[in-house]
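This report concerns only the one structure given below.
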Amino acid sequence: MGNTKRAPLQGIKVLDLTSVVVGPVATQFLADYGAEVIKIEAPEGDLLRKLGGASPSGTMSAKFLHLNRNKRSVVLNLKTDEAKRALKRLCAQVDVVVVNMRPKALERAGLTYDDLKTINPRLIHCSLLGFGRKGRYANRPAYDSIIQGASGIASVVDKMYGQPGYVPMVMADHTVGLIAVQMILMALYQRSQTGEGEGIEIPMLENMAAFVMAEHMYLRTFDPPLGGNFDPRVSDPQTRPIKTKDGYICLSANTDRQAFGFFDAIGHPELKEDSRFCSVAARFRHTREYFDLRSTALLEKTTQEWLGIFDELSVPAMPYNTLESLPDDPHIRDVGLFQPIRHPTEGDIWNIGLPNTLRNGASAEYSPPPALGADTQAVLKEFGIDADEIAALISSTGQRQVSSGSD
């Protein structure tokens, strides 16, 4: 992934006190662009090491592999006072701390922004929460499915298909994890101007509610309302890949030029003058009829035939990919999104590469997701903790002390 140029976040040290998905999404992004990310794990390790499915070693699931590259793993038993003191020493020397504990648990652990800014005034403290601290849900547990249901995502599925449902991926975790990256980077920039640290709170429910309602506040945006919620254009049951003679195609014809090209493609140019379809506003008012027209017309030819026709007429269309076909999509192969990697404990794996490029700055070199506690000894030594204390800290976790190449 990398080259000889300096990565944009090189020199930034991040202490990652998160687990499962939302926090690791954020910290892996920072690690991929050069930050030194130290993942603090309990003796039993991040739940995702086992939760994400089987693996050759039985210690590192597929999902864990995709969310924890370019990090170092330190195991601390934070039930002991010695480990808590050691963690505070690390917090005093890093740029960013990312946590995903509930507010009361964070206070009990002494890891709030107010606790840590006294020992590190330049610290960027990012707290990922299920729910904002000022609300009555503040100390409830939160998982992706809970947030999807509470934020209205499952309701949109209900309106489309007549039954509530979740998007079958951890959409809220990934979205909020990337929002955390944005906020951390803004705070680092602010610190570069002021010299002062920052306390960031990122609640999942509020972020996803805002995300959903930007689409579906719809006519209740106005006071008094001009109608109800639910944008019909993006939420009609036929807003989906469209069946062709031999499969499916993904089509979007929104502008007049695109829609008129579509009418030419299906052999009905007269629809350009039809009062239901002659403008963007008209097609919006008649969304269901427009979508019905598409569904009927595209059954007449194969996907490849339609792709050729739409390409000629500049109508946006793409093949429909399944999870099985996506890695073999010719464009995906061209850009090298999936990369063969040899992992030291899991053998040959497919790594998901970085989708984005920097012309004048390099990303971090790839380092495999770490074994549990693989870097405990080396990291603690780098932070000035002496050998006897390190030995005691490792002993309290039930792990054996391993010598590192940095010793």
(message) Within the stretch 272-319, take every residue that is hydroxyl-bearing (Ser, Thr, Tyr) and surrounded by fewer than 16 Cβ atoms within 10 Å (Cβ to Cβ) and give me the one that is farthest from the chain's Cα centre (by Cα).
(response) 275
(request) Sort out for me the helices (runs of 4 or more DSSP H) sitting completely within the stretch 17-114 that have 1 or more residues that are within 16 Å of residue 127 (Cβ to Cβ). (result) 22-32, 81-91, 103-109
(message) Checking the structure you have, find out if any residue of the stretch 2-13 is outside the structural domain of residue 363 (by TED's automatic domain parsing), surrounded by fewer than 23 Cβ atoms within 10 Å (Cβ to Cβ) and either touching a Cys at 6+ places or on another chain (Cβ under 8 Å) or of a type in the set (Ser, Thr, Tyr) (or both).
(response) yes
(request) Please indicate, with yes or no, whether at least one residue in the stretch 77-87 is surrounded by 15 or more Cβ atoms within 10 Å (Cβ to Cβ), in the same structural domain as residue 379 (by TED's automatic domain parsing) and free of Cβ contacts under 8 Å to residues at least 40 places away in the same chain. (result) yes
(request) Specify the residue that is surrounded by the fewest Cβ atoms within 10 Å (Cβ to Cβ); the eligible residues are those in the stretch 141-171 that are within 15 Å of the chain's Cα centre (by Cα) and assigned to a helix (DSSP H, G or I). (result) 145
(message) Here is a check on your reading of the model: is residue 86 closer than 18 Å to residue 39 by Cα, at pLDDT below 95, touching a helix residue (DSSP H, G or I) at 6+ places or on another chain (Cβ under 9 Å) and of a type in the set (Gly, Ala, Ser)?
(response) no
(message) For residue 205, only one of the following conditions fails: (1) without any contact (Cβ under 8 Å) to a residue 12 or more places away in the chain; (2) closer than 30 Å to residue 143 by Cα; (3) assigned to a helix (DSSP H, G or I). What is its number?
(response) (1)
(request) Have a look at 334, 311, 256, 264 and point out the one that is modelled with pLDDT of 95 or more and within 30 Å of residue 25 (Cα to Cα). (result) 334
(request) Could you pull out the residue among 359, 400, 333 that is assigned to a loop (DSSP other than H, G, I, E, B), among the basic types (Lys, Arg) and within 30 Å of residue 5 (Cβ to Cβ)? (result) 359
(message) Looking at the stretch 231-253 only, could you name the residues that are surrounded by 16 or more Cβ atoms within 10 Å (Cβ to Cβ), assigned to a loop (DSSP other than H, G, I, E, B) and in contact with an Asp or Glu (Cβ under 9 Å, 6 or more places away or on another chain)?
(response) 231, 244
(request) Of the conditions (1) in a loop (DSSP other than H, G, I, E, B); (2) touching a helix residue (DSSP H, G or I) at 6+ places or on another chain (Cβ under 6 Å); (3) of a type in the set (D, E, K, R), residue 365 clears all except one; give me its number. (result) (2)
(request) Can you run down the residue pairs with Cβ atoms below 9 Å, 6 or more apart or on separate chains, where the first is in the stretch 178-200 and in the same structural domain as residue 100 (by TED's automatic domain parsing) and the partner is part of a helix (DSSP H, G or I) and exposed (fewer than 15 other Cβ atoms within 10 Å of the Cβ)? (result) 196/190; 198/186; 198/190; 199/114; 200/186
(request) State all residues of the stretch 227-251 that are at pLDDT below 95 and not basic (Lys, Arg); if no residue qualifies, say none. (result) 227, 228, 229, 230, 231, 232, 234, 235, 236, 237, 238, 239
(message) So, in the stretch 281-295, how many residues would count as being touching a residue at least 12 places away in the same chain (Cβ under 8 Å) and either more than 14 Å from residue 263 (Cα to Cα) or not hydrophobic (A, V, I, L, M, F, W, C) (or both)?
(response) 9
(message) I'm trying to understand the selection: among the residues of the stretch 327-351, which are surrounded by 15 or more Cβ atoms within 10 Å (Cβ to Cβ), under 18 Å from residue 55 (Cα atoms) and hydrophobic (A, V, I, L, M, F, W, C)?
(response) 341, 349
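The values are calculated or read from the model by the stated rules, or taken from the named source; none is laboratory data. Just so it is clear, the structure is predicted and the values come from calculations on it, not from any experiment. Virtual Cβ from ideal backbone geometry, glycine too; neighbours counted across all protein chains shown.
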